[in-house]
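Let me begin by presenting the structure, written as structure tokens, before commenting on it.
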Amino acid sequence: MALATATKRSVKQQRPSRAGDHAAWFLVLPALIPILVLSVGPLLYGIALSFTDAQSGRTAATQWVGGLNFQDLLHDTLFWDSFRIGLLWAVGVTVPQFFLALGLALLLNQNLRFRWLARALAIIPWAMPEVVVGIMWRLVYHPDAGVLNETLSDLGLGEGRDWLTGTATALLAVIVVGVWAGMPQTTVALLAGLQNTPRELHEAAAMDGAGAWRRFRTVTWPAIKPVALSITALNFIWNFNSFALVYVLTQGGPGGRTRLPMLFAYEEAFRYGQFGYAAAMGCVMVAVISVILAFYLVGRLKGGDEA
């Protein structure tokens, strides 16, 4: 009897009180309110807007059109072309970005002289606003006085060309800028993972006669793999949703060769005033990103179960 009474008293003591729950919600509210107002609210409003014929400068009342905007999207070849370009851009930026950042992180993890200075210089592109980065690279790519064309001319590698307006070079030129601008954050994440890897494991592998590649494959990569997968997934999402950098560089040109889905939706909304149609495009992009996130989370959960 005494044991039962003591057990009930212990359970009551461990059970959180209602006052504690209220206090916890009170502490969470300052962070929750901005998320609801600035993220969840606009998302729900955009989803609702996608089922209407909302337009700018229209005097008639907005009408509910159901899935008509989505039906039009299915037959909009320009949108699906922009979607294809967006996937090419996201993959073309994310993959080289990761490998270059991995190499730079491995280098910065070495005990080099002036390593602190190299680390500071490596994150400079990350500290620059995308608009500034775009303007700077427009000057680099300038057809007449750009640094790139001047360098190629001095090396005797051909005459200068307009990289951002050429249909064959515009997307590649923009991808190079995207890789340069986004590499620092990937480098920092991978460098943090490398620094958390115990040096004793590397020393033990070296004593066993393992070379540099084998140590990387058996020690370094398993240690940084969770960080690498996370930052790669986030980079793909960020790159697919890019807007400012490409807008400043090319505004989607030439001939739509660099028109990403976000740029296409922006033009439909603010150049042509088709708010409902642009909102439907946004819903499709949210759905695609949600599917990618679902696959990523399922993979992480399976990986955790196997571990």
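Here are some notes:
- Gain upon complete extension [residue 192, residue 107; 0.36 nm per residue less C-alpha separation]: 29.3 nm
- Relative frequency of Cα-Cα separations exceeding 16 Å in region 186-307, percent: 73 percent
- For the chain, a simple Cβ point-charge model (Lys and Arg +1, Asp and Glu -1, everything else neutral) yields a dipole of about 1460 debye relative to the Cα centre.
- Taking amide H positions as modeled 1.01 Å from N, with prolines and chain starts lacking one, the residues under 5 Å from residue 52 and 5 or more places away or on another chain are 65.
- Only DSSP H runs of four or more residues enter the estimate; each adds -39500 (n - 2.57), and after division by the residues of the chain the mean residue ellipticity at 222 nm equals -22000 deg cm²/dmol.
- Whole-Å distance, taken between Cα centres, linking region 124-171 and region 198-252: 28 Å
- Rolling a 1.4 Å probe over the heavy atoms of the protein chains gives region 57-121 an accessible area of 64 Å² per residue.
- Heavy atoms of the protein chains alone define the surface here; on that basis region 169-307 has 50 Å² accessible area per residue at 1.4 Å probe size.
- Two-site FRET efficiency, residue 201 against residue 91, from Cβ-Cβ distance with R₀ of 30 Å, rounded to 0.05: 0.35
- Alpha-carbon gyration tensor eigenvalues x 5, square-rooted, for region 21-124, Å: 44, 28, 12
- Added length on full extension, which subtracts the Cα-Cα distance from 0.36 nm per residue, residue 287 to residue 128: 54.2 nm
- Radius of gyration over Kirkwood radius for the chain, both on Cα atoms: the Rg/Rh ratio is 1.09.
- You can think of it this way: the chain between residue 138 and residue 237 has 33.2 nm of extra reach, that is 0.36 nm per residue less the Cα-Cα gap.
- Fraction of accessible area attributable to carbon and sulfur, the chain (%, probe 1.4 Å): 66 percent
- Cα centroid of region 253-289 to Cα centroid of region 23-47, whole Å: 26 Å
- In this Cβ point-charge picture (+1 for Lys and Arg, -1 for Asp and Glu), region 122-253 has a dipole of about 520 debye about its Cα centre.
- Principal axes of region 86-193: Cα extent on each, largest first, Å: 42, 34, 25
The values are calculated or read from the model by the stated rules, or taken from the named source; none is laboratory data. These numbers were taken from a predicted model, which means no experiment stands behind them. In this analysis, Cβ positions are derived from the backbone assuming ideal geometry, glycine residues included, and neighbour counts consider all displayed protein chains. The accessibility values were calculated without ligands, DNA or RNA, using every heavy atom of the protein model including side chains. Shrake-Rupley method; radii C 1.70, N 1.55, O 1.52, S 1.80 Å.
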